[in-house]
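Visitor: Sharing a structure below in structure tokens format, with a few things to ask.
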Amino acid sequence: MNNFNKAKTWLENADAIIVTAGNGFSKQEGLDILSEKDFDKEFSEVAQKYNVHTVGDALDKQFGSWNEQWKFWSNLVNKYSLNYHPSDTMDQLKSLLKGKEYFIATSSFGHFFEKANFDKKRIFNIFGDWTQMQCSSGLNHGQRSAIKEIKKIISAEEQGKEINDEFVPKCEDCNSPMELYMPLNSHFFPDENANTRFRWFLTNNENKNVVVLELGVDMTSPQLLDPIAALVMQFENWNYVAADLATEDIPDELKEKTVTFNANSHELIKKLCK
Ligand SMILES: [Zn+2]
């Protein structure tokens, strides 16, 4: 049986599928945090003032004021997430997961799977979700949606209003300014509820036929690589389908339980759906 047929058979026979989606997957959904393409044009003010030319650099930069920060964040999240239209791949992935138990663990913070209507209870955003916000005090005062605040800023800007301090969302517990819910600094607290749900999912499926489907995972999210590979090795009926990784990226002990495509995850999903 060739690799492709093997992957297809494993997926068809799976009781449960774990999707791990990394940076490469986000990129294909339109968010490439390392790309310089169009950044200076789209965000010229920020690019000039802070000498940043990619989304990643701009996120790492601390701006002079919270209102400046929120003006930029709002435009960024609006462009990549609120205005995001799920690709065909998202629909194809949905049909691949239809009728199966599934869980998605992703390092993408772009809110793509939620927006594509996957079950929110089956998603663990390991690096947060930038449509949500957290307290900037460094204390864990929870997370809440930032969508309303972002839309308010965007519409104020469209009306030519200045984005002043009044637009900066505040923590309901301690009144500190809020910041995007992602690991921009040491304040980041992973989503405990989603983490617990994911752990239960893993425990409940230890003895079942499970396939891990890796999509666009690379070294920028090691949390989605080694721990998952260790589980596949541990449980007899688990297999690993790696869209992007090459065979040499896979530990020797895992090779028999793995097929690798070293390809583009969109193309692979399209083929697997046929
Ligand atoms: Zn607070």
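The values are calculated or read from the model by the stated rules, or taken from the named source; none is laboratory data. Just so it is clear, the model here is predicted, and its values are computed rather than measured. Glycine gets a Cβ as well: all are built from the backbone with ideal geometry, and neighbour counts include every protein chain shown.
For every residue, the table says whether it meets (1) surrounded by fewer than 16 Cβ atoms within 10 Å (Cβ to Cβ); (2) in the same structural domain as Ile154 (by TED's automatic domain parsing).
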{"position": "Thr9", "(1), (2)": "yes, no"}
{"position": "Ala58", "(1), (2)": "no, yes"}
{"position": "Trp66", "(1), (2)": "no, yes"}
{"position": "Lys71", "(1), (2)": "no, yes"}
{"position": "Asn75", "(1), (2)": "no, yes"}
{"position": "Lys79", "(1), (2)": "no, yes"}
{"position": "Lys94", "(1), (2)": "no, no"}
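Visitor: Here's something else I'd like to know. Can you name the condition, by its number, that Ile18 falls short on among (1) loosely packed, with under 13 Cβ neighbours inside 10 Å; (2) touching a residue at least 60 places away in the same chain (Cβ under 8 Å); (3) aliphatic (A, V, I, L, M)?
Guide: Among (1) loosely packed, with under 13 Cβ neighbours inside 10 Å; (2) touching a residue at least 60 places away in the same chain (Cβ under 8 Å); (3) aliphatic (A, V, I, L, M), the lone unmet condition for Ile18 is (1).
Visitor: Hey, another quick one. For the range 237-274, which residues satisfy the criterion of being over 19 Å from Gly22 (Cβ atoms) and free of Cβ contacts under 8 Å to residues at least 24 places away in the same chain?
Guide: Correct list: Asp252, Glu253, Lys255, Glu256, Lys274.
Visitor: Tell me, yes or no, whether the range 30-45 has at least one residue that is in contact with an Asp or Glu (Cβ under 8 Å, 6 or more places away or on another chain), buried (at least 18 other Cβ atoms within 10 Å of the Cβ), at negative phi and not aromatic (Phe, Trp, Tyr).
Guide: Scanning the range 30-45, I find no residue that is in contact with an Asp or Glu (Cβ under 8 Å, 6 or more places away or on another chain), buried (at least 18 other Cβ atoms within 10 Å of the Cβ), at negative phi and not aromatic (Phe, Trp, Tyr), so the answer is no.
Visitor: Now for a separate question. If Ile153 satisfies all but one of (1) more than 16 Å from the ligand (Cβ to nearest atom); (2) within 15 Å of the chain's Cα centre (by Cα), what's the number of the condition it fails?
Guide: Evaluating Ile153 over (1) more than 16 Å from the ligand (Cβ to nearest atom); (2) within 15 Å of the chain's Cα centre (by Cα) leaves (2) as the failure.
Visitor: Kindly indicate whether Met133 is surrounded by 14 or more Cβ atoms within 10 Å (Cβ to Cβ), touching a residue at least 40 places away in the same chain (Cβ under 8 Å), within 16 Å of the ligand (Cβ to nearest atom) and not aromatic (Phe, Trp, Tyr).
Guide: yes
Visitor: Search the range 103-119 for residues that are on the phi > 0 side of the Ramachandran plot and pair each with any residue that is outside any strand (DSSP E or B) when their beta-carbon atoms are under 6 Å apart and the residues are at least 6 apart or on different chains.
Guide: These pairs meet every condition: His111/Ser81.
Visitor: Sticking with this one: Which one is nearest to Asp60 (Cα to Cα), of the residues in the range 96-116 that are in contact with a Lys or Arg (Cβ under 7 Å, 6 or more places away or on another chain) and buried (at least 21 other Cβ atoms within 10 Å of the Cβ)?
Guide: Step by step, filter the range 96-116, then rank; the result is Ile104.
Visitor: Let me ask another. Restricting to the range 143-166, name every residue that is in a loop (DSSP other than H, G, I, E, B) and surrounded by 14 or more Cβ atoms within 10 Å (Cβ to Cβ).
Guide: Ala146, Ile163
Visitor: Related question: Could you tell me how many of the residues in the range 211-247 are touching a Ser or Thr at 6+ places or on another chain (Cβ under 9 Å) and either under 17 Å from Asn2 (Cβ atoms) or outside any loop (DSSP other than H, G, I, E, B) (or both)?
Guide: Adding up the residues that qualify gives 16.
Visitor: Would you tally the residues in the range 256-274 being more than 16 Å from Val211 (Cβ to Cβ) and over 23 Å from the mean Cα position of the chain (by Cα)?
Guide: 1
Visitor: Do you know which of the residues in the range 171-209 that are at pLDDT 95 or above, within 25 Å of the chain's Cα centre (by Cα) and within 15 Å of the ligand (Cβ to nearest atom) is surrounded by the most Cβ atoms within 10 Å (Cβ to Cβ)?
Guide: In this case the residue turns out to be Tyr181.
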